[in-house]
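First the structure, in the form of structure tokens, and then the observations on it.
The values are calculated or read from the model by the stated rules, or taken from the named source; none is laboratory data. On a predicted model such as this, the values are computed, not experimentally measured, just so you know. Cβ placement follows ideal geometry from the backbone for every residue including glycine, while neighbour counts extend to all protein chains displayed. For the accessible areas, the whole protein counts, side chains as well, though only heavy atoms, and no ligand, DNA or RNA atoms are used. Shrake-Rupley method; radii C 1.70, N 1.55, O 1.52, S 1.80 Å.
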Amino acid sequence: MNVSHAWLRALAPSLEASAPELADRLAMLGATVDEVVPLGVGLENIVSARVVSVRPHPNADRLTVCEVDAGAGTMQVVCGAPNVEAGRTYAFAPVGAVLPGGMVIREARIRGETSEGMLCSERELGLGRDQSGIMLLPGDPAPGLSLVEIAGLDDTRLVVDVTPNRPDLLSHVGIAAELAAKGRAALSLPPIVGAPAELELELEPVASRSRAETAGVSVSIEDDGCRRYLAAVVRGVTIGPSPAWLTARIRSVGLRPINNVVDATNYVLYELGQPLHAFDLDLLRGPAIVVRGARAGERLTTLDGANRALEAGTLVIADAERAVAVAGVMGGAESEVTPATRNLLIECALFEPTHVRASRRALALPTDASHRFERGVDPDGLERALRRVVALILATAGGAAERTYADVTRIERAPRSIELRAERVRQVLGIDIEPARIADLLSPIGFVVEVGSRGTIHVDVPGARLYDVEREIDLVEEVARRYGYDRFPEESRAYRAGTVPDDAMARLEDRLRERLVARGFLESRTMPFVPAPDGDVALLLPLSAEESRLRRALLPSLMRRVEHNWARGVDDLRLFEIGTGFGPPPARATGGADVSGGSDAADSSGARPSETRRLAFIMTGGRRPGHWSGVAEAFDVWDLKGALEELAPALGGAGTSVRPGDADTATDNRSLRYLGPEMLEVVDAEGRVIGHAGRIRDDAIDVPARVVVPTWAAEIVLAVRPARDLAYAPLPTHPAVERDLALLVPAAVPAGVVERSIRGAAGELLDAVAPFDVFRGAGLPAGSRSVAFRLRFRAPGRTLTDEEVDRAVERVLRALKEEHDIERR
């Protein structure tokens with residue numbers, strides 16, 4: 001959004017801060033200013049010059065010789081523009097002036113004629129793209145005046161980065177309301193010279209739910225893509241250049257002035273944020289306006305001169321016979337305003353964002369209007385915008401407005417009210433803000449606030465904020481924003497620990513990061529857009545043809561990062577990434593763990609792609625930094641295997657292992673085509689292959705000649721394993737009785753076998769048994785060893801007697817003798 005500093009000051013005179021200061025304030029309110037551009041820089045030496053006479057160049061067919069008056073006598077200038085006329089005033093660069101592009105104007109002889117300066121086009125002055133003719137100055141200013149003053153270029157432009165959820169900031173009124181101390185209450189629209197105040201216009205609505213008629217024009221809505229449509233008629237206009245003040249406003253936001261009617265609609269667009277369109281009423285058949293879906297095979301030549309095929313159902317504005325505009329996007333050439341236009345129909349509408357977005361995408365035709373309609377315009381501001389533009393047209397193009405205008409409302413705006421709790425504000429923000437203070441923060445930006453009892457605040461949401469303020473937490477965010485993020489205390493306050501555990505996948509990823517960082521790896525975060533061979537899911541609006549798919553695997557992107565580092569002389573690399581791989585919908589995916597993400601073709605049924613969380617890492621170069629004491633050894637397959645074995649327990653739980661793999665039998669060959677034939681597999685406890693690793697083939701990566709060591713990589717699909725149920729038992733309340741047994745155990749009998757026999761014979765009173773000593777040496781029978789076991793007996797709810805324990809021990813000794821020929825030592 002291009003914002004004029006002077007325009008903001010005109011709307012809110014209390015804004016006395018400089019443009020950089022306002023940029024800082026906007027940033028603190030959540031709207032970053034990308035650039036602050038002084039408009040008049042480089043144009044200080046450009047002046048107005050009146051052309052006194054024009055004659056053909058004697059030695060060139062396409063050149064003219066002009067006598068110009070720049071305020072200090074006449075000079076001769078050779079000009080090649082076709083639009084120069086005697087008696088008109090143009091932008092002029094005298095000898096010695098420097099144009100914004102760095103070109104220095106010098107006296108020169110062109111085909112034998114002297115040229116003492118240069119009549120300039122908009123493009124040469126950096127004020128627009130038009131280079132077909134010299135920049136004509138509006139209002140016939142006197143010769144020798146500064147162009148900066150004439151064109152209103154003593155201004156500064158703020159390029160504001162407006163997030164999609166804040167369409168209310170796509171206007172000067174919206175920006176000024178954010179910045180002014182008293183908000184919207186401090187704003188007033190600048191009066192239009194020569195026109196009645198817009199609220200004093202004798203305009204009355206002819207309201208209807210489906211069809212209305214005004215001034216002989218029928219207006220109807222046949223598609224829910226249009227919620228409301230207003231149409232006013234102005235007759236007897238004269239199309240011509242806009243006055244200087246209007247062209248200055250238009251240029252300040254980076255637009256090129258066209259004529260007084262089109263400039264008026266663009267002015268209101270940037271002032272109030274409401275797109276408008278002017279039709280030549282005499283070119284509308286019927287005359288009628290019908291908002292409907294496009295018919296099959298219907299075409300339209302838009303204002304940019306392109307003849308476009310319209311998809312059936314595309315929301316269009318039509319007259320009685322044909323489409324004349326793409327709703328919310330661009331008007332049609334067959335009904336555009338031209339110098340011959342005398343009667344106008346002014347459109348002010350409210351279109352559904354989804355319909356406008358679909359039309360813009362289908363036609364690849366972004367415009368200022370579609371940018372706003374896609375995000376949502378203020379449903380409560382239509383009448384104000386219509387009155388404003390009619391008043392502006394009457395002031396700049398003359399004519400008379402019909403007393404009535406059509407107002408067809410197909411879908412009424414539903415009001416929205418939200419209950420905001422002061423306690424909730426305190427819980428979220430960590431500071432106490434009184435309800436009255438909350439009301440003071442929200443009211444200036446349009447919210448209607450009523451403070452109730454017990455800290456409850458009733459808030460009515462204005463139309464301009466319907467698109468982003470839906471819940472109580474959204475209001476809490478507004479309170480924080482208006483309170484000021486820089487005013488929150490820096491110290492930690494008392495808090496209550498949350499009872500909701502972190503997501504299991506997030507905990508797994510944190511564990512993996514810790515282990516990889518401990519091994520010296522650096523985390524990389526790459527974009528998920530890849531070329532067609534590396535992805536299954538096609539993007540509807542790719543940023544470039546080379547990155548038209550969503551990645552199925554992470555490894556190709558990491559390889560590009562390695563190449564990027566190699567190209568800058570960095571050879572020792574350890575990188576990892578945890579991210580998402582995208583594949584066709586699960587119903588079409590095939591094969592095992594499907595590490596590849598599925599088949600080659602993207603799904604055309606509209607089903608959502610499948611998503612898998614993945615870990616990939618890559619390493620190349622030396623194990624340690626280079627040193628004069630010797631050459632560092634390069635990473636080898638054992639480093640790769642060691643990293644995988646260290647990560648394995650976290651990846652697949654107990655029982656996860658690393659084993660040799662075979663590229664020929666892998667189910668995900670497409671995503672592993674970068675690895676050589678000898679690879680490793682990561683297998684979880686259930687025997688499923690969840691990842692592969694190996695050496696990157698030399699022909700799969702752009703290896704500089706200086707790099708002679710191999711590159712190793714792995715990619716693994718992450719999954720959260722179900723947690724085991726934990727068993728709990730109360731602590732014992734009665735003492736245990738322990739007995740130690742030193743047993744002569746044959747060398748061929750494992751201690752584990754002896755323990756199982758003890759457990760089987762001791763009975764239910766045995767609480768625990770474990771070996772605690774082994775002895776081999778003199779005094780023992782040949783072929784045997786002494787193993788000492790400690791037996792602990794316990795009875796729930798009572799104390800054991802010695803007799804009970806002795807009987808259990810006797811049973812154990814008899815069983816050991818009978819089963820394994822084991823005796824007590």
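Worth pointing out:
- Residue, nearest to T341 (Cα to Cα), within the range 270-292, restricted to residues that are crowded, with 19+ Cβ neighbours inside 10 Å and of a type in the set (D, E): D280
- Test: residue in the range 637-648 that is aliphatic (A, V, I, L, M) and within 30 Å of P585 (Cβ to Cβ): yes
- Residue match in the range 11-27 (condition: at pLDDT below 95, assigned to a strand (DSSP E or B) and closer than 30 Å to I192 by Cβ): no
- Residues of the range 98-111 satisfying the condition of being at pLDDT 90 or above, open to solvent by less than 60 Å² (accessible area, probe 1.4 Å) and not β-branched (V, I, T): A108
- Condition met for V769 (at pLDDT 90 or above, part of a loop (DSSP other than H, G, I, E, B) and either of a type outside the set (D, E, K, R) or over 36 Å from the mean Cα position of the chain (by Cα) (or both)): no
- The residues on offer are A72, A93, A81, A23, and the sole one that is in contact with a strand residue (DSSP E or B) (Cβ under 7 Å, 6 or more places away or on another chain), surrounded by fewer than 21 Cβ atoms within 10 Å (Cβ to Cβ) and either without any contact (Cβ under 8 Å) to a residue 60 or more places away in the chain or not polar (S, T, N, Q) (or both) is A81.
- Filter pass, L429 being under 28 Å from D380 (Cβ atoms), open to solvent by less than 40 Å² (accessible area, probe 1.4 Å) and in contact with a helix residue (DSSP H, G or I) (Cβ under 8 Å, 6 or more places away or on another chain): no
- Odd one out for A391, checked against (1) over 29 Å from the mean Cα position of the chain (by Cα); (2) modelled with pLDDT of 95 or more; (3) buried (at least 17 other Cβ atoms within 10 Å of the Cβ): (2)
- Within the range 435-473, restricting attention to residues that are in a helix (DSSP H, G or I) and without any contact (Cβ under 8 Å) to a residue 12 or more places away in the chain, the residue that is most open to solvent (accessible area, probe 1.4 Å) is R454.
Per-residue answers, yes or no, for (1) among the polar types (S, T, N, Q); (2) touching an Asp or Glu at 6+ places or on another chain (Cβ under 6 Å); (3) part of a strand (DSSP E or B):
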site	(1), (2), (3)
D263	no, no, no
D282	no, no, no
G286	no, yes, no
V324	no, no, yes
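- Residue list for the range 683-714, filter: open to solvent by 30 Å² or more (accessible area, probe 1.4 Å), outside any strand (DSSP E or B) and either farther than 18 Å from G622 by Cα or out of contact with any helix residue (DSSP H, G or I) (no Cβ under 8 Å at 6 or more places or on another chain) (or both): A685, E686, G687, R688, R697, D698, D699, D702, A705, R706, V708, V709
- With respect to (1) within 30 Å of F617 (Cα to Cα); (2) modelled with pLDDT of 90 or more; (3) open to solvent by less than 40 Å² (accessible area, probe 1.4 Å), the lone exception for V517 is condition (3).
- Test for S757: is it of a type in the set (G, A, S), open to solvent by less than 60 Å² (accessible area, probe 1.4 Å), outside any helix (DSSP H, G or I) and over 30 Å from L647 (Cα atoms): no
- In the range 728-747, residue farthest from L780 (Cα to Cα) [restricted to those that are assigned to a loop (DSSP other than H, G, I, E, B) and open to solvent by less than 90 Å² (accessible area, probe 1.4 Å)]: A729
- Condition broken by L420, with the remaining ones in (1) in contact with an Asp or Glu (Cβ under 6 Å, 6 or more places away or on another chain); (2) assigned to a helix (DSSP H, G or I); (3) more than 30 Å from V290 (Cβ to Cβ) satisfied: (2)
- Residues that are within 21 Å of M1 (Cα to Cα), outside any loop (DSSP other than H, G, I, E, B) and open to solvent by 40 Å² or more (accessible area, probe 1.4 Å) within the range 235-260 comprise W245, R249, listed in sequence order.
- Identity of the residue in the range 610-652, under 36 Å from the mean Cα position of the chain (by Cα) and either small (G, A, S) or part of a loop (DSSP other than H, G, I, E, B) (or both), that ends up modelled with the lowest pLDDT: G652
- Of all the residues in the range 293-328, those that are under 20 Å from D280 (Cβ atoms), of a type in the set (V, I, T) and open to solvent by 10 Å² or more (accessible area, probe 1.4 Å) number 1.
- Residue in the range 370-387 that is more than 24 Å from P164 (Cα to Cα), buried (at least 22 other Cβ atoms within 10 Å of the Cβ) and in contact with a Leu (Cβ under 8 Å, 6 or more places away or on another chain) present: yes
- For the range 540-557, the set of residues classified as open to solvent by less than 50 Å² (accessible area, probe 1.4 Å) and outside any helix (DSSP H, G or I) consists of S544, S548, L550, R551, R552, A553, L554, listed by residue number.
- Qualifying residue in the range 798-819 (condition: over 29 Å from L731 (Cα atoms), among the acidic types (D, E) and out of contact with any helix residue (DSSP H, G or I) (no Cβ under 9 Å at 6 or more places or on another chain)): yes
- Tally of residues being of a type in the set (K, R), more than 16 Å from P750 (Cα to Cα) and part of a helix (DSSP H, G or I) across the range 801-825: 3
- Residue within the range 176-191 that is open to solvent by less than 60 Å² (accessible area, probe 1.4 Å), over 24 Å from V389 (Cα atoms) and modelled with pLDDT of 90 or more present: yes
- Exactly one residue among V173, V160 is under 36 Å from the mean Cα position of the chain (by Cα), closer than 30 Å to E478 by Cβ and in a strand (DSSP E or B), and that residue is V160.
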